[in-house]
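Every number in this text was worked out from the coordinates using simple rules, so none of it is lab data. Because the structure is a prediction, the values reported are computed rather than measured. Backbone-built Cβ (ideal geometry, glycine too); neighbour counts: all protein chains shown.
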Amino acid sequence: MRFERQILVRALASGLLAVVVALWFIWAGDFSVQTRITLTGLVVLPWVGFAFALRSRVAFPLRTLSNLLEALREKDFSLRLRGARRDDALGELVLEVNALARSLQEQRFGAVETTALLRKTLAQIDVAMFGCDQEGRVCLVNDSGQQMLGKSEQDILGRSAGELGLAGCLDGATPRVVELALPSGVRRWELRRTTYREKGLSHPLIFLSDLTRTLHQEERLAWKRLIQILRHEINNSLTPIQSVAQTLRARVADDGSGQWQEDVREGLEIIASRSEELSRFIASYSRLTRLPDPVFATVNVPAWVQHVTSLEKRVSVSVRSGPDMDIEADRGQLDQLLINLVANAAEASLEAKPNGSVEVGWHVEEGLFYLWVDDDGPGFDSARDPFVPFYTTKPTGSGIGLALGRQIAEVHGGYLTLEPHPDRLGSRACLRLPIQQTPTWTP
């Protein structure tokens, strides 16, 4: 039975006994028929009218609440109920529903503002983003993704990743570099993938960063730096050679007494010296650009460190022994790296004082092998990058030791840093290498 009918039946039942008694007295009394009918109407009609009025009084607020809840379900939070009181059960219900509507309205405004901020942020970032559903159809894309594919949002949404050339981005390890054939051509992208949840389901979220443009920019900067270095080094050698050559030509032409041989000898020595310096520079460059592929083998760390440190005779080199352990690496390249680090530390220590010292140590932390080389020299200028090729503060330095060391560390899956010593004056070079698995070298 419907709720309204239940209210009506119960309202009628509540007055039924009184109505029956009243009608019994009316029809059992000594009244005329017209009087009996009139009195019966005066009893029955108010009884029935009161029942219907009670049903309406109960059903109307419930229908109003139902309409408000339906509006909330349709995301219309502007409706409110009036006439609510705190000392009334129905009034308290109305107040709570109004409070719920206000809370949902505030949350809706917050969600809209947050969504607008997120869309503006995604539109500005230079990373293509694609969200896919369980079937691999694209259901979310930002402006960079549209520019990447050369399509509008309407042409992308709802299409499968395979149709858009993104099928290979839905599986495989990340982050990784992928090559995608797009309308703009084949380009290299860094792929990162994560997941987001919608309606209780997990969906893949793809991020693609354009590496081609970044690599081209870095390549241009590298060439610019290299050209500046080459110009500086070559000019340093050619300028005195040209000057000496002009001086010797003038000396030979003007001196008829035959006393120019000594000037020629000195000039030739200068030319030979500068030519040797230029040849040394070119050889250093070739050495930096022709690092051979590493050949990994087991290297015992204590034996390796003891061997290399024993080669340095200019200063006292102390070894702070760490765990007796082995790592997978190219022993020859590690020798070259550590020799350069110890030699740099020794030269820095001698620059500060004649009895300088160097300390070498190692330890293991969070699955990484750490080796450090400390010196007690004057430190270095933190505003300059010491790993820039050919940058050196030493009169006879080549400027490739640290650059070559960093390159060796990177092909072993690690990295090399140089920073001020944490406890005292001087510098600390720190090599970090993975020890859990054999590094994989990629050119």
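Using a simple spin-label model with pseudo-atoms 7 Å out from Cα toward Cβ, L311 and S56 lie 10.5 nm apart. Between amide H atoms placed 1.01 Å from N, distances below 5 Å from F369 occur with L433, I435, all of them 5 or more places distant or on a separate chain. Sparsely packed loop sites in the stretch 37-86 (the chymotrypsin sites (Phe, Trp or Tyr not before Pro) outside DSSP H, G, I, E and B with at most 12 other Cβ atoms within 10 Å) do not occur. Remark on the stretch 10-95: Rg and Dmax equal 20.7, 66 Å (Cα only).
Only Lys, Arg, Asp and Glu carry charge here, each on its Cβ (+1 for the first two, -1 for the last two); on that basis the stretch 124-214 has a dipole of about 180 debye about its Cα centre.
Each of E312, E198 has some number of other Cβ atoms within 10 Å of its Cβ, and from fewest to most they run E198, E312.
Packing around the peptides 152-158, 300-306, taken as the average count of other Cβ atoms within 10 Å per residue, puts them in this order, highest first: 300-306, 152-158. Database remark: amide H of V319 closer than 5 angstrom to the amide H of V360 (H placed geometrically; neighbours at sequence offset of 5 or more, or on other chains; Pro and chain starts carry no H). Neighbour counting of Cβ atoms within 10 Å sorts the residues E4, E74, fewest neighbours leading, into E74, E4. Each of C430, G356, A303 was scored by the projection of its Cα onto the charge dipole of the stretch 297-434, and the greatest displacement toward the positive side belongs to G356; charges sit on the C-beta of Lys, Arg, Asp and Glu.
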